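Reviewing the structure listed below.
Only the coordinates and a few stated rules stand behind these numbers; no lab work does. A quick note: this is a predicted structure, and the numbers were derived from the prediction, not measured. Cβ placement follows ideal geometry from the backbone for every residue including glycine, while neighbour counts extend to all protein chains displayed.
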């Protein structure tokens, strides 16, 4: 039963991390760059609109379900850290929890809150753009590495 649960969680986490990494990749590679070409008040308003809509979108269940699956994989893989699949699942889970979830909670969400309070201030937008994008690059990398770790763990189990 534990093997079936681990396999299902690895599949779900791999797909979830891939989707999350793709979303973050889009922001890092072209959405924020496009916003940088706009008037700061327009860009700030657009990002604030995204931040409001995203909370009521399918993104949030995916965000939480992938985070919880990564946490469950850390718990399940910890006793199996001596095996290659165990190490890969453990590493993938920790990278995702620290690099994606931790970064989101510690940096991206507070920056979103600051932007919402700044009311289109140009200097606030420029700071936000640089800092938020930097942390988003880390979330992109963490999600991608976690996805790769989970897929590799699935392959190593065969």
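For the chain, what is the relative contact order in percent, using Cα pairs closer than 8 Å and at least 6 residues apart in sequence? The partial results should precede the final answer.
Numbers: 183 pairs, mean separation 65.8, N = 158.
After rounding, I find 42 percent.
Peptides 95-108, 21-34, ordered by how many other C-beta atoms sit within 10 Å of their residues on average, highest first, read 95-108, 21-34.
With contributions of -39500 (n - 2.57) from each DSSP H run of at least four residues, the per-residue ellipticity at 222 nm computed over the chain stands at -26000 deg cm²/dmol.
Sort the stretch 95-137 into rounded, prolate or oblate with this rule: let a ≥ b ≥ c be the square roots of the eigenvalues of the Cα gyration tensor; rounded if a/c is under 1.5, and if a/c is not under 1.5, prolate when a/b is larger than b/c, oblate otherwise. Note, shape of the stretch 95-137 comes out oblate.
For the stretch 100-158 versus the stretch 57-80, the inter-centroid distance based on Cα atoms is 17 Å. Compute the distribution of all C-alpha to C-alpha distances in the chain, in bins of 10 Å from 0, and list the percent of pairs in each, rounded to whole numbers. With 10 Å bins starting at 0, P(r) equals 11, 39, 27, 15, 7, 1.
Note on the chain: with a GNM built from Cα contacts shorter than 10 Å, the maximum mean-square fluctuation among 114, 42, 82 falls on 82. Along its first, second and third principal axes, ordered by size, the stretch 1-65 spans 56, 23, 10 Å in Cα coordinates.
Here the calculated FRET efficiency for residue 68 and residue 46, from their Cβ-Cβ distance with R0 = 35 Å, stands at 0.70, rounded to the nearest 0.05.
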